[in-house]
Amino acid sequence: LSLVVPCYNEQDNVRAFYDAAVNAFLGCGYEYELVMVNDGSRDNTGIELKKLFYEKREETPITIVQFSRNFGKEAAILAGMKHAKGDLVTLIDADLQQRPEIVREMVQILDEHPEYDCVAAFQKERNEGRGLSFFKREFYRLINQMSEVEFVNGASDFRTCRRKMVDAILSMPEYHRFSKGIFSWVGFDTYYIPYVAEERHAKTKWSFWKLFKYAVEGIIGYSTAPLKIATVLGSFTSLLAVIYFIVVVLQRLICGVDVPGYATIVALILLIGGIQLLILGIMGEYIA
Ligand code: UDP
Ligand code: MG
């Protein structure tokens with residue numbers, strides 16, 4: 001079993017995490033390793049990780065991956081998975097909000113259910129602000145409507161996957177990764193278990209803005225609906241212009257001229273605008 005642990009400014013947590021993990025796996029009967037990724041922390045996480053490595057490498061296999069700067073949790077997970085050697089790979093946060101004991105349960109579930117390739121933990125209730133909960137709920141509603149890939153509300157990255165699923169994930173060439181999408185996109189059967197996130201040891205590293213950008217990345221990566229807006233709008237405007245044009249011509253034939261040229265110009269503007277949008281939309285489809 002490989003535990004992949006992204007760490008960003010976790011200097012006070014890495015050792016606590018190590019102890020908790022070792023405790024949780026005491027007498028588990030299988031081999032495990034830790035792959036700790038320092039995602040360009042600004043504090044002493046890197047030094048703490050090195051200390052831990054030299055102190056404990058005799059007892060537990062540890063791999064430390066150091067990033068040259070902060071690339072984000074997604075990149076840290078990817079790098080960690082690349083270095084993981086286990087038949088099972090677990091993604092778990094360093095801040096002890098996700099208890100390592102749950103990983104043992106996950107492994108047990110996979111042992112008992114060969115038909116599942118992944119066990120993911122989801123949060124039944126979120127102990128965070130109302131506002132944020134609202135935005136997260138709306139995000140899941142929106143992305144599930146717009147995308148063919150299924151996104152489970154509350155499902156975290158906290159999960160244990162079999163090697164074949166890990167290889168499938170690693171085979172994807174995505175550069176801007178949105179794991180929640182990738183996990184579901186590669187297929188495989190996932191078993192969901194509820195868990196309660198522990199209290200935060202320190203403040204979260206995700207600002208609202210960072211989360212928002214992440215959400216947009218998810219939508220763009222897993223849905224082409226925004227590109228279709230131009231097609232739909234363009235077709236609609238063009239249609240309107242044609243109808244209006246006919247109305248203007250009829251009006252003219254029946255009632256005569258009011259302000260000369262006015263109707264023609266408006267109809268033309270509408271028509272050209274509509275055609276432009278339509279073409280933009282078509283280009284969008286190809287880019288998508
Ligand atoms: N993390 C990371 N890079 C970042 C932000 C976070 O590697 O840019 C790590 C962090 O150290 C932690 C995990 O991702 O292990 C989850 O972060 P956090 O606890 O801040 O998020 P939350 O608990 O709100 O999901
Ligand atoms: Mg956390």
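Apart from one condition, residue 46 fits all of (1) within 16 Å of ligand 1 (Cβ to nearest atom); (2) farther than 11 Å from residue 94 by Cα; (3) in contact (Cβ under 8 Å) with a residue 24 or more places away in the chain; the exception is (3).
Checking each residue of the range 118-140 against the condition of being among the aromatic types (Phe, Trp, Tyr), away from ligand 2 (no atom under 16 Å from the Cβ) and not in a helix (DSSP H, G or I) gives no match. In the range 93-109, what residues are within 14 Å of residue 157 (Cβ to Cβ), within 15 Å of ligand 1 (Cβ to nearest atom) and part of a helix (DSSP H, G or I)? Correct list: 102, 103.
So that you can scan it fast, the table gives a plain yes or no per residue for (1) away from ligand 1 (no atom under 14 Å from the Cβ); (2) surrounded by fewer than 16 Cβ atoms within 10 Å (Cβ to Cβ):
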| residue | (1), (2) |
| --- | --- |
| 91 | no, no |
| 136 | no, no |
| 160 | yes, no |
| 171 | yes, yes |
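Here the range 110-137 is the region considered, the condition is being among the charged types (D, E, K, R) and modelled with pLDDT under 90, and the residue that is nearest to residue 193 (Cα to Cα) is 124.
The C-beta contact set for the range 14-41 (first residue modelled with pLDDT of 90 or more, second residue among the basic types (Lys, Arg) and surrounded by 22 or more Cβ atoms within 10 Å (Cβ to Cβ), distance under 8 angstrom, 6+ apart or interchain) comprises 39/73.
Every residue, every condition in (1) within 24 Å of residue 41 (Cβ to Cβ); (2) surrounded by 15 or more Cβ atoms within 10 Å (Cβ to Cβ); (3) in contact with a Gly (Cβ under 6 Å, 6 or more places away or on another chain), yes or no:
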residue: 178; (1), (2), (3): yes, yes, yes
residue: 212; (1), (2), (3): yes, no, no
residue: 239; (1), (2), (3): no, no, no
residue: 259; (1), (2), (3): no, no, no
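Residues in the range 183-203: is at least one in a helix (DSSP H, G or I), surrounded by 14 or more Cβ atoms within 10 Å (Cβ to Cβ), away from ligand 2 (no atom under 16 Å from the Cβ) and over 15 Å from the mean Cα position of the chain (by Cα)? Scanning the range 183-203 turns up no residue that is in a helix (DSSP H, G or I), surrounded by 14 or more Cβ atoms within 10 Å (Cβ to Cβ), away from ligand 2 (no atom under 16 Å from the Cβ) and over 15 Å from the mean Cα position of the chain (by Cα). May I ask you to say which residue of 41, 68 is within 24 Å of the chain's Cα centre (by Cα), surrounded by fewer than 16 Cβ atoms within 10 Å (Cβ to Cβ) and more than 24 Å from residue 105 (Cβ to Cβ)? On inspection, the qualifying residue turns out to be 68. Can we say residue 84 is touching a residue at least 40 places away in the same chain (Cβ under 8 Å) and in contact with a strand residue (DSSP E or B) (Cβ under 8 Å, 6 or more places away or on another chain)? Against the criterion (touching a residue at least 40 places away in the same chain (Cβ under 8 Å) and in contact with a strand residue (DSSP E or B) (Cβ under 8 Å, 6 or more places away or on another chain)), residue 84 qualifies. Checking the structure you have, find out if any residue of the range 50-68 is within 25 Å of residue 217 (Cβ to Cβ), within 16 Å of ligand 2 (Cβ to nearest atom) and not in a helix (DSSP H, G or I). No, because not a single residue in the range 50-68 is within 25 Å of residue 217 (Cβ to Cβ), within 16 Å of ligand 2 (Cβ to nearest atom) and not in a helix (DSSP H, G or I).
The values are calculated or read from the model by the stated rules, or taken from the named source; none is laboratory data. Nothing here was measured: the structure is a model prediction, and the numbers come from that model. Neighbour counts run over all protein chains shown; Cβ positions are idealised from the backbone, glycine included.
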